[in-house]
Amino acid sequence: MLLNEISSYEQYESMKHQQEYWDRKIEEIIMQENMKLLPVRRFSYGAAIVYSYDERYVFKLYPSFEKDQFEREKEALEAIKGQITSVETPELIAAGNFEGWDYIIMTQLKGDLLIDIWDGMTFKEKQSLSERLGKTIKEFHQISAVNLKGLKVEWDRFIQEQLLNMKEHHQNQQLKDYLYEELDSYVKEETIDYHPDLKLLTGEYTPFNLMMNKVDGTWKLTGVIDFADCFVGDGDYDLLGPILFMYKGDEELIRRFLHAYGYGENDLNENFRKKLMTYTLLHRYSDINYFISLNKRAGAVRSLEELGKVFFGFG
């Protein structure tokens, strides 16, 4: 079967685990690139088909029906080249098309994904990571968004659509009734910044996209990967991933992270907390039930107001 015969997300999902098929396609792309047939290894995490080539390069495939992800990742890699000094980012080596699917070849970052080591890290290491990640995101947000034409969604239109579709989204996610019934009264338009200073966003600074290495015997953040969902918008939208996926209501880690990003203690008030909670509810991948499952105190909460306090730990 040719790649262009996989024409829908459902068909793609049904074929994702056919290892021999994808091994063969990667080998054919390697030959198309006139590269040697060296050992390859498929990565287990993520929705995309991604392979390591000789443990030096990464081959990432983009379905024909998700061409925008290819264009976003390619432009983001070009935009960040030489701009980020706090951590490593993949370097774009080549881009091409095979059987109607786009692909990118990029350098492979060394290390372990944070998701695989978080539970074994010391609290001191987590404190250090929180500060380093805050500074790293700030550095990404200092990249000029003016020339990122391929990444430009109209933020005001995007967030307005998220607001319009909010109830349907959370109904599909089976949000608990007592929280679902509060959505209209909790989410206020005046909390949303429709016209912020535009920043380069990934929306996904999560443990699945952060690379860690041991430096002098201590785990350190050394790399950031996966830019297929990049766009431009309010920088605060990018602060949700670390807080919800990693810090899980830990006030110490949250404060260290936000202070390192640039917020002062006086900024960590009720209005800012409500803004972050509102963006959590409006996030395109929002899954409140999952976030509750990660936070030991969240299960007993019976209102969105209290849930915001548990999630963000201030205000």
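Details
- Over all distinct Cα-Cα pairs of the chain, the Kirkwood formula returns a hydrodynamic radius of 20.9 Å.
- Members of Lys74/Lys275; Lys67/Lys149; Lys16/Lys81 lying beyond 21 Å, as alpha-carbon distances in this model show: Lys74/Lys275; Lys16/Lys81
- Residue-normalised convex hull volume from the C-alpha trace of the range 228-315: 97 Å³ per residue.
- Dipole of the chain, positive direction: furthest Cα of Asn165, Pro207, Thr191, with charges on the beta-carbon: Pro207
- Tilt relative to the chain, helix 270-282 - C-alpha long axis, 0 to 90 degrees, to 10: 40 degrees
- Across all Cα atoms of the range 224-270, the radius of gyration (one decimal) and Dmax (whole number) stand at 12.0, 35 Å.
- Where labels lie 7 Å past Cα in the beta-carbon direction, separation of Lys149 and Gln83 in nm: 1.6 nm
- Lys, Arg +1 and Asp, Glu -1 on Cβ, resulting dipole of the chain about Cα centre, debye, nearest 20: 800 debye
- With Cα atoms, 0 to 90° folded angle of helix 251-261 axis to the chain main axis: 70 degrees
- Aspartates and glutamates with Cα under 15 Å of Lys176, excluding same-chain neighbours fewer than 8 positions away: Glu168, Asp184, Asp287, Glu305, Glu306
- 0 to 90° range, to nearest 10: angle between helix 123-141 axis and the chain longest Cα axis: 80 degrees
- Among 189-199, 274-284, the peptide with the highest mean count of other Cβ atoms within 10 Å heads the list, and the full ranking is 274-284, 189-199.
- The range 1-32 and the range 218-248: distance between their alpha carbon centers, rounded to Å: 29 Å
- Around the amide H of Gly223, modelled in the peptide plane, lie the amide H atoms of Glu88, Met211, all under 5 Å away and 5 or more residues distant in sequence or on another chain.
Read the figures in this text as sums done on the coordinates, not as results from a lab. Here the structure is a predicted model, which means the values were calculated and not measured. Virtual Cβ from ideal backbone geometry, glycine too; neighbours counted across all protein chains shown.
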